[in-house]
Amino acid sequence: MNESHDYDCLIIGGGLAGLTCGLACLEAGLSCAVVSSGMSALHFSSGSIDLLGYNADRTLATSPVDALPGFIEKNPDHPYARCGAETIMEAMAFFGRELEAQSAPMYANGRENHFHITAMGTLKPTFLSPASVFTREIRAAFEKRPAIAILDVKGFRDFHPGLAAANLRKNKLFADCPITCGEIELPGQTPAAGGARDMRSVDVARILDATTNLEAVAGAITAAAGRADIVALPAFLGLNRYQEILAGLRRATGRLIYEIPTLPPSILGMRLDQALKSRFAALGGVFIARDTVDAGRIEDNQVISVHTTGQKDDIRAACYVLASGSFFSKGLVSRYDRMFEPVFDCRLDTPPDGRSLSGAAFLSPESHAFIRAGVITDGQLNPQTADGRTIANLFCAGAVLAGYNPVIEGCGGGVAIATGYAAAKAIRARLHPPQPTATAGPQ
Amino acid sequence: MIDLENTSFDCCIKCTICTAYCPVARATDLYPGPKYSGPDAERLRIKSPLLADHSLSFCNNCKRCETVCPSGVRITDFIYKAKGSRLKKSHRLRDFVLTRTDISGRLSAGFSWLVNPLMKLSVTRFFLSAFLAISRDAVMPAFDRGTFVSGFRNQAKAQEGFPRKVAYFHGCYVNYYDHALGNDVILVLNAMGIGVTAPRQKCCGVPLIAAGNFKAVRKNAAFNIASLGAAVADSDMKIVFSSSSCALTVTQDYPHLLAMDTSAIDDRLELLTRFLHREFAAGNKPAMGSLNLTAAYHSPCHLDRTGGVRHTIAVLQSIPGLRLILLHSECCGIAGTYGFKKEFHAIAQDIGHRLFDQIEQANPDIVITDCETCKWQIEANTRFPVRHPVSVLAEAVKKF
Ligand SMILES: Cc1cc2nc3c(=O)[nH]c(=O)nc-3n(C[C@H](O)[C@H](O)[C@H](O)COP(=O)(O)OP(=O)(O)OC[C@H]3O[C@@H](n4cnc5c(N)ncnc54)[C@H](O)[C@@H]3O)c2cc1C
Ligand code: SF4
Ligand code: SF4
């Protein structure tokens with residue numbers, strides 16, 4: 001590291017993109033810090049990673065691995081096109097290894113997508129899922145046309161087994177599966193009347209994390225599940241001890257316990273957030289929570305330093321990554337008169353005028369135009385200043401990028417991971433250019 | 001009339017992330033949690049103050065909700081404004097003892113030889129519990145002898161001799177409980193060629209805010225702003241804090257919660273470890289000997305809230321022979337005076353367990369933290385001695 005720098009790499013935003021980029025930088029031996037205003041979009045997500053759910057013609061993508069080259073060809077401005085199919089798959093493999101090292105593995109269905117069940121009882125294609133949502137064992141169990149019980153905990157406000165069951169029954173994949181619904185009470189659950197707030201998934205997860213009587217929970221599940229082979233529960237089986245709880249309940253009930261992601265804050269997303277942050281800390285990364293980068297000093301097409309609101313620090317790094325997310329995370333800001341990127345005022349791709357930001361229907365399969373808005377980058381993921389100059393040591397990753405639609409393409413998590421990883425790769429190449437004699441990696 | 005300026009609750013996107021990470025909401029379902037007690041209920045309270053209820057008292061002001069909120073909502077400003085202006089006070093006598101740290105501290109520190117042993121007696125603890133609603137099980141901190149300020153007078157002259165100086169906000173803790181920490185601050189800064197002044201100051205007011213006594217805290221704040229402002233007016237002196245909670249209160253609560261004008265001191269305020277980190281980075285590092293010590297670092301909630309943790313860690317990492325274990329950030333539960341109160345003591349202990357367990361697992365020689373009440377809480381609940389980062393630094397400086 002250069003003496004005049006605090007870090008080799010400073011990352012703005014501690015979501016999926018920023019953390020993946022940070023891990024890749026640390027693994028490459030670079031020193032790295034992440035500044036993050038607040039918690040990320042992982043808290044809203046399903047906890048599964050979508051790589052490519054649908055082809056360019058909107059048909060279901062069976063294998064994202066096979067579909068990506070064609071998809072990239074048809075979408076030359078897509079963030080995936082900035083990475084290339086090879087780097088994307090390298091990124092997914094890297095992400096998997098990092099989580100495995102943190103004992104929080106994710107599972108893929110080989111080269112193909114698998115489905116996860118939503119709280120509405122619909123099926124969503126995705127690429128990586130945690131063990132409570134997809135493993136080979138779960139796939140085999142569902143292929144046997146099993147009897148399924150969808151259970152809920154009494155007083156839990158964010159899930160309706162009847163709704164999920166009704167939609168699942170409409171799906172021909174489940175036509176031969178008897179689906180029942182039920183409700184259980186947890187040991188140690190305080191009577192609803194005493195509580196001052198509705199029970200959310202975090203509350204249930206805490207009760208389960210604290211329980212010393214998993215047997216009783218298993219007993220309640222067995223009683224409510226009847227003859228079902230698979231028991232689906234909202235994803236609330238603990239935040240800290242979740243692996244132990246899942247294994248314990250599977251063992252004691254003799255059923256395959258399955259988790260369905262529900263409303264935010266998403267437990268499956270929180271577990272992922274926790275695993276990534278722990279891994280980042282374990283590798284020596286500096287995570288600066290609750291500060292906001294409010295400005296960057298740019299000279300000669302380079303970011304010299306960034307300034308933070310809370311500590312009023314000027315932080316200097318050799319390279320910077322903008323992984324500040326979309327509108328929810330304030331990586332992009334929309335006002336009546338304009339849309340902008342608040343830190344560097346990078347050039348944006350935006351819908352032509354304010355009125356065209358949203359479609360006519362609120363819930364529409366076409367989603368809304370604002371979703372494609374974001375920062376324009378070149379092939380290196382470098383953005384431009386408002387007056388069109390490329391910023392050479394700033395790289396962009398994740399939901400702040402323009403040119404993709406995670407809703408209709410089913411690629412939100414994949415774009416964050418692929419671009420975060422590609423940005424780290426570009427940074428490594430910039431700081432340690434490959435020597436002429438060494439064998440160079442793929443460009 | 002609705003105060004149209006303060007509708008920042010509209011920034012809340014209702015994601016419930018704050019409640020998911022609130023340690024009190026984790027410990028008890030009697031607390032509605034930050035989302036409801038803050039932005040949600042404020043919407044109703046501005047229409048009818050009668051809607052403020054005593055569930056607000058559960059909040060321990062750790063501000064972890066604000067640390068995680070993706071929308072930058074000043075959640076605790078809503079909670080404490082409502083507590084201060086819309087709730088009827090209870091436990092007035094206890095609040096006086098626990099919040100008027102200036103007065104109770106001055107009285108008790110003068111009689112520390114009497115007060116300290118007295119506080120250990122079960123009969124005293126019975127009376128504290130019966131009349132003041134202070135938990136019998138809480139371990140009360142011991143007072144130091146006299147005050148730091150009176151001791152400092154002897155050194156003031158020598159400090160004047162340094163060409164560069166800082167204004168030190170020592171706070172009540174150093175003044176009444178821990179003079180050694182104040183002296184360590186002086187030792188380290190002097191070793192870096194920097195002198196220390198101690199402008200007149202009153203308690204920053206964080207315990208008064210917790211009790212909702214805004215009239216008293218405004219008085220303290222006005223005094224401090226004027227006194228600190230005058231002390232640094234004709235120089236480029238920084239005002240440094242060894243306590244992360246005092247720093248947070250003066251930098252954030254004075255201008256935001258209390259709407260006080262802090263422009264005279266705004267750009268001077270700095271947590272001491274941030275000041276040290278920047279000095280070290282600029283090449284002004286004191287000579288240090290090696291410590292051969294394993295320490296677990298606990299970042300206090302109020303330091304987390306300011307985003308300043310990296311400065312303390314950087315300072316600790318520069319100490320030779322200090323092996324650092326970074327604990328996963330958790331609230332210790334005490335939250336200033338919260339854990340001393342009878343009705344909240346069990347909640348505080350329940351909150352703290354996750355931290356205590358982590359410390360036990362790490363099994364360090366010492367625990368390090370920037371917060372005085374975290375220190376009390378950890379010492380009362382684990383086997384490990386707890387030190388301030390600057391005291392560890394001072395030890396390394398003395399070793400050279
Ligand atoms: C409701 C919802 C559900 C989703 N479900 C799925 C799903 O099931 N599967 C899937 O694959 N994808 C899903 N996605 C998409 C995917 O989760 C996101 O695209 C991805 O997580 C974005 O990651 P990110 O790191 O780019 O941004 P974010 O996760 O938004 O993180 C950005 C971070 O930057 C911080 N930040 C912003 N500005 C600053 C600043 N100036 N200074 C410091 N910090 C700053 C923010 O506080 C935030 O923590 C979903 C998205 C949403 C919104
Ligand atoms: S975390 Fe912030 S935005 Fe989310 S509910 Fe709480 S206050 Fe509202
Ligand atoms: S300050 Fe702490 S106790 Fe109070 S609402 Fe926020 S997180 Fe909960």
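The values are calculated or read from the model by the stated rules, or taken from the named source; none is laboratory data. Please read these numbers as outputs of a predicted model, since none were measured by experiment. Cβ coordinates were reconstructed from backbone atoms using ideal geometry, including for glycine residues, and neighbour counts include every protein chain displayed.
Tabulated data for the structure shown
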| item | result |
| --- | --- |
| A:Phe174 vs. criteria more than 14 Å from chain B (Cβ to nearest Cβ), crowded, with 19+ Cβ neighbours inside 10 Å and in contact with a strand residue (DSSP E or B) (Cβ under 9 Å, 6 or more places away or on another chain) | yes |
| Residues that are within 14 Å of A:Glu143 (Cβ to Cβ) and part of a loop (DSSP other than H, G, I, E, B), drawn from the range A:160-174 | none |
| Failed item, numbered, when B:Asp53 is tested on (1) modelled with pLDDT of 85 or more; (2) within 14 Å of another protein chain (Cβ to nearest Cβ) | (1) |
| Number of positions in the range B:280-325 that are surrounded by 20 or more Cβ atoms within 10 Å (Cβ to Cβ) and over 30 Å from B:Cys69 (Cβ atoms) | 5 |
| Strands (runs of 3 or more DSSP E) enclosed by the range B:271-369 - at least 1 residues per element that are basic (Lys, Arg) and out of contact with any helix residue (DSSP H, G or I) (no Cβ under 9 Å at 6 or more places or on another chain) | B:322-326 |
| Evaluation of A:Gly325 against (1) out of contact with any helix residue (DSSP H, G or I) (no Cβ under 6 Å at 6 or more places or on another chain); (2) within 28 Å of A:Phe44 (Cβ to Cβ); (3) in contact (Cβ under 8 Å) with a residue 24 or more places away in the chain (one fails), failing number | (1) |
| Residue within the range A:16-35 that is modelled with pLDDT of 95 or more, touching a Ser or Thr at 6+ places or on another chain (Cβ under 8 Å) and not in a helix (DSSP H, G or I) present | yes |
| Residues of the range A:233-256 classified as of a type in the set (A, V, I, L, M), touching a residue at least 60 places away in the same chain (Cβ under 8 Å) and surrounded by fewer than 24 Cβ atoms within 10 Å (Cβ to Cβ), total | 2 |
| Flag if A:Ala164 is within 16 Å of ligand 3 (Cβ to nearest atom) and of a type outside the set (Ser, Thr, Tyr) | no |
| Residues that are away from ligand 3 (no atom under 16 Å from the Cβ), under 23 Å from A:Gly269 (Cα atoms) and buried (at least 24 other Cβ atoms within 10 Å of the Cβ), drawn from the range A:26-40 | A:Val34, A:Val35, A:Ser36, A:Ser37, A:Ser40 |
| Check on A:Ala429, surrounded by fewer than 24 Cβ atoms within 10 Å (Cβ to Cβ) and in contact with a strand residue (DSSP E or B) (Cβ under 6 Å, 6 or more places away or on another chain) | no |
| Residue count, the range B:235-279 (criterion: among the acidic types (Asp, Glu), closer than 21 Å to B:Ser8 by Cβ and more than 14 Å from the chain's Cα centre (by Cα)) | 2 |
| Pair list, Cβ under 6 Å, 6 or more apart: the range B:56-73 residue away from ligand 1 (no atom under 16 Å from the Cβ), other residue of a type in the set (D, E, K, R) | B:Leu56/B:Lys83; B:Lys63/B:Arg305 |
| Meets criteria (within 15 Å of ligand 2 (Cβ to nearest atom) and small (Gly, Ala, Ser)) for B:Ser8 | yes |
| Residues of the range B:249-291 that turn out to be more than 24 Å from A:Ser4 (Cα to Cα) and of a type in the set (Phe, Trp, Tyr), as a count | 1 |
| Positions within the range A:296-334 being among the charged types (D, E, K, R), within 14 Å of chain B (Cβ to nearest Cβ) and over 20 Å from A:Ser31 (Cβ atoms), in sequence order | A:Lys312, A:Lys330 |
| Residue list for the range A:1-48, filter: within 14 Å of another protein chain (Cβ to nearest Cβ) and of a type in the set (S, T, N, Q) | A:Asn2, A:Ser4, A:Ser31, A:Ser36, A:Ser37, A:Ser40, A:Ser45 |
| Yes/no for B:Gln358 being surrounded by fewer than 23 Cβ atoms within 10 Å (Cβ to Cβ), without any contact (Cβ under 8 Å) to a residue 24 or more places away in the chain and within 14 Å of chain A (Cβ to nearest Cβ) | no |
